[in-house]
Structures are given as C-alpha cells and as structure tokens.
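Following: one structure in structure tokens, then a few remarks.
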Amino acid sequence: MLSYQHAYHAGNHADVLKHLTLMSVLKKLTIKAKPMFYLDTHAGAGVYQMDDENGALNAEFERGVLKFQSLLRNSNNEIVKDYLAITSGFTKAKQYPGSPIIADYLLRETDNAHAADLHPQASQDLKKYLRRSKLSAHQRDGYEALNAFMPPKPNRGMVLVDPPYEQASEYADVYKAITSALSAWPNGCFLIWYPLLSPTRVDRKTKEVAENPKAGLSEEMIAKLGALAAKSVLNIQLCVSQPSPQIGMYGSGMCIINPPWKLEQDLSGVLATLQTVFAGDKDKDTSHLCQVNWIKTEV
Ligand SMILES: C[S@@+](CC[C@H](N)C(=O)[O-])C[C@H]1O[C@@H](n2cnc3c(N)ncnc32)[C@H](O)[C@@H]1O
C-alpha cells in the first residue's frame, strides 16, 4: 500500500531534524577523501512544491523550515549555516529539498551513491531531479535494495532509512532489514528516522479520542535496534510539544547505528539550536525535549 505522500509534510520539524542529522553524518564521512557508499532506502520525490495543493494543505513547512530560517539567520553553527545555504534557494522558489538532494550537496563524484523509492510518481520525480546528480535513482523497494547492495563497495559509508510508517508492520520491517544488513556490513553506519506518537488521538471521522495503535512502536523498535550487535548506537530526539490527542506526532528522532567518531558533539550543537526554535516556551526549561543519548557505546 503506497498511499503516503511526503509533499504534505515536506519541510516540517521532523524533516529539519532528519536533514540536519543527515548533513552532520555526511560531513563527518566526507572528511576523508576516500570514496564512500551511500543509500537512501526511502528517498521520496526529491523536491517538493510548498505552494501547490499538497504542500499548502497543512503548511507544515511554515512551522518547520521557514521558522528555522527566520530565527537562525545569524547562527554560527557550521552545520546550521550549510543547511540554511542549501534550503534558502529552494524556499525562495517555494520548494523544499528532500534527503537525496541534500545528500547530493555533500557527496563527491567518486562516491557510490543511490536513492530508492517504490512509489511510481515519487520515483519518476526522483529520476528527474537526480538526472545530473551524484546519486543514481531507482524505482525499487528500499529494503530489497539494501539487501542487494550488502556488503557495499566501498566498504565505508552510510544508509538512510526513512519509511512512512503508515502500517504498524513497518517498524518490524526496519528492524528485520537492519539486522540483516548489519550482519553483512558490521561497520556500516545506519540512520533510522522514527516518529514519536501520542498515546491517544482524535479520530478523524468520529472526532472522538481513541487509542493510537502505533504509539510506543518507535520506542520498542529503538530498544531492539540498540540491542543489535553494533559497536555503538546513538539516539537523538526533538519534541515540539507534550503528547496530546490533538497532536498525533509530537516529535521525532533518529537512531544512528555505528555513528562516525565524535558525531554526538556536532549533534549536541545542532540540537541546542533546534531547541531554541522548536521546543516551545522560552520561559520554561525545555532541555528535556531535545536529547542526544548513547543507547550503546563502544567498550
Ligand atoms: C518519509 S518519505 C521519504 C522522505 C525523504 N527521505 C526525505 O527526507 O526527503 C517516505 C517515502 O517512502 C516511499 N516508500 C514507501 N514504501 C517504500 C518501500 N518499501 N521502498 C521504497 N520506498 C518506499 C514513499 O513513496 C515515500 O516517498
């Protein structure tokens, strides 16, 4: 079932967190001149229009990337500065760049880089936007692509896993795919995005408050990923509000398996800036809403 369309959510707070984390990891991995492998298993359409009927419906980008740009125009953080430089050209044209476009800015011609999406329209758009990029676009199941590339050439690099989680079964799909990929590529770096969902939500049809059947599934998945045979696992989260039935997704996070050396220092700086923009009330201590935690550290 491929009903999810990222255009409704492009440029929201979760995209900002995801894309800043992606940039932080890519910046570390591209310090060395040696080529790397890159795979985006759920790449989306590449570029999203913010003023068409999909983007404008909830205007999530206004409370996401546009708010971030306006409040952090003078930031000294290098990753934030680069994110602003990449996104500002797009947002001026009422567009938002997705993960493969952002990755293209940081990858090199020598890298072996791929982006997959299964949706016919999304993958057609992806092929169009990646025509002159360093990434090859594929209409393909992301997990099948991941399995086919393992172990990758070259043996250093990263994989971004960013599924829609429309079906509850997708959490188990991620765990299964990562378990298998990690056994073939024990030193691979995997970035897994996940939503933080309120325990109850207002039912769209009945308008009544009902239990959210997917609440807690991300937390379960992260605990299981943390127990895998990886050297280290880092987890970062950004909550933009308290859980509430009115706000289904109150935040999101990234689980990073085998993060590059000292990544947590860069991410702490990024999270500190995200906190000033998204973590609500200036008069209250909101530091608990933004977190960088080791689930597992190298011994
Ligand atoms: C959250 S969006 C991706 C957003 C993108 N990574 C970004 O940050 O710009 C999820 C995408 O996964 C695609 N998708 C869903 N199931 C898939 C599968 N099994 N394999 C590959 N892509 C899939 C959807 O078509 C959708 O475009």
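Taken together, the values in this text are just the output of simple stated rules run on the coordinates, not laboratory data. Note that the structure is a prediction, hence the values are computed from the model and not measured. Here the Cβ positions follow ideal geometry from the backbone for every residue, glycine too, while neighbour counts run over all protein chains shown.
List the pair-distance distribution P(r) of the chain, using every Cα-Cα distance, as the percent of pairs falling in each 10 Å bin from 0 up to the bin containing the longest distance, rounded to whole percents.
Per 10 Å bin, starting at 0, the Cα pair percentages come out as 6, 28, 39, 23, 4, 0.
Hey, can you grab everything whose amide H is under 5 Å from the amide H of TYR48? Only 5+ residues off in sequence or another chain; H modelled, so Pro and N-termini drop out.
TYR96, GLY98
If you average the alpha carbon positions of region 13-53 and of region 232-266, how far apart do those two centres end up, in angstrom?
The distance from the Cα centre of region 13-53 to that of region 232-266 comes to 16 Å.
Can you give me the relative contact order of region 6-296 as a percent, contacts being Cα pairs under 8 Å and 6 or more apart?
20
Rounded to the nearest 500, what is the 222 nm mean residue ellipticity of the chain from helices alone, with -39500 (n - 2.57) per DSSP H run of 4+ residues and division by all residues?
The helix-only estimate for the chain comes to -11500 deg cm²/dmol at 222 nm.
Looking at region 191-299, which chymotrypsin sites (Phe, Trp or Tyr not before Pro) are in a loop (DSSP not H, G, I, E or B) and have at most 14 other Cβ atoms within 10 Å?
Filter output for region 191-299: TRP261.
Check ASP111: other-chain or 5+ apart residues with amide H under 5 Å from its amide H, H built from backbone geometry?
Hits under the 5 Å cutoff: MET36.
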